[in-house]
1. Can you tell which of Gln86, Gln44, Gln19 shows the greatest fluctuation in a Gaussian network model of the chain with Cα springs below 10 Å?
2. How many angstrom lie between the Cα centre of segment 69-118 and the Cα centre of segment 126-179?
3. With θ set to phi - 60° and the Karplus curve 6.51 cos²θ - 1.76 cosθ + 1.60, what are the ³J(HN,Hα) couplings of segment 144-152 in order, to the nearest whole Hz, using x for Gly and Pro?
4. Give me the net charge for the shell around Glu161: Cβ to Cβ below 14 angstrom, other residues only, Lys and Arg +1, Asp and Glu -1.
5. Share of antiparallel DSSP beta bridges in segment 54-123, in percent to the nearest 5?
6. Once you place label points 7 Å from the Cα toward the Cβ at Val31 and Arg137, how far apart are they in nm?
7. Could you look at the chain and say what percent of its accessible area is carbon and sulfur, using a 1.4 Å probe and all protein chains?
8. Given labels modelled 7 Å from the Cα in the Cβ direction, how far is it in nm from Arg110 to Leu77?
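The values are calculated or read from the model by the stated rules, or taken from the named source; none is laboratory data. If you're wondering where the values come from, they're calculated on a predicted model, not measured in any experiment. As a convention, Cβ positions derive from the backbone with ideal geometry for all residues, glycine included, and neighbour counts pool all protein chains shown. Heavy atoms of the whole protein, side chains included, go into the accessibility calculation; ligands, DNA and RNA do not. Shrake-Rupley method; radii C 1.70, N 1.55, O 1.52, S 1.80 Å.
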Amino acid sequence: TLSILSRRVNLRLASGEEQAVTGQPDMDNFVFKAGIDPQGRVLQPSVEAAGLDAGNHEAIKAVMASVLEQATRIEPLRVEQGQAAQQVVNMKLPLPGLTELDLRITASNRLIGVADGVAKVEMAYVMEFGIPQGPVRLTASGTGGGTLLYDIAGRMARSIESNTLMTIVAEVPDGTLEFQMNKRQTQQMRDTGK
């Protein structure tokens, strides 16, 4: 079960002022539930999604189920003090009404230390994604890094802070668009105990 308690997306303008991004799906109080068999396959009859408007419901449900099934196949990662642990993740994300987005992340993780049962891990990563075919072709690449706080006993990430710089090129029938995105993201998770 995954619950999104609240989500905010802000855009920082050239002036430094921040403003809320409108038109985003309302995912406050979104709840996604699914059962997984011993082989890591999502049991489709068990997939439920609540808290979305009807227009986004089926699309987001399909994306979440696909991501969950692929996530179960990611190998566990062991990090040790003073050593970088490498990890490569390849995923295909379905884009409702379009095609699949190929995503590849190559990450290096290093344990900084452990305090009060919480491991602090430094992350650095290179990512690329794209849509190689179709009326809209997209390629993107970037780098980033941040910090992960991991609750060892609970076996759960407690917070992730990251900064990512991406260059995105979109080829459309009328021409080519290129833009850069500098994204700062903070995620906080908690176990509801349910």
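1. Gln19
2. 13 Å
3. The phi angles translate into x, x, x, 9, 10, 9, 10, 7, 5 Hz.
4. Working: positive: Lys120, Arg158, Lys183, Arg184; negative: Glu122.
With Lys, Arg at +1 and Asp, Glu at -1, the neighbours total +3.
5. Working: 18 of 19 bridges.
The answer is about 95 percent antiparallel.
6. Inter-label distance under the simple model: 4.5 nm.
7. Values: 6850 of 13270 Å².
Carbon-and-sulfur percentage of accessible area, whole number: 52.
8. 1.4 nm
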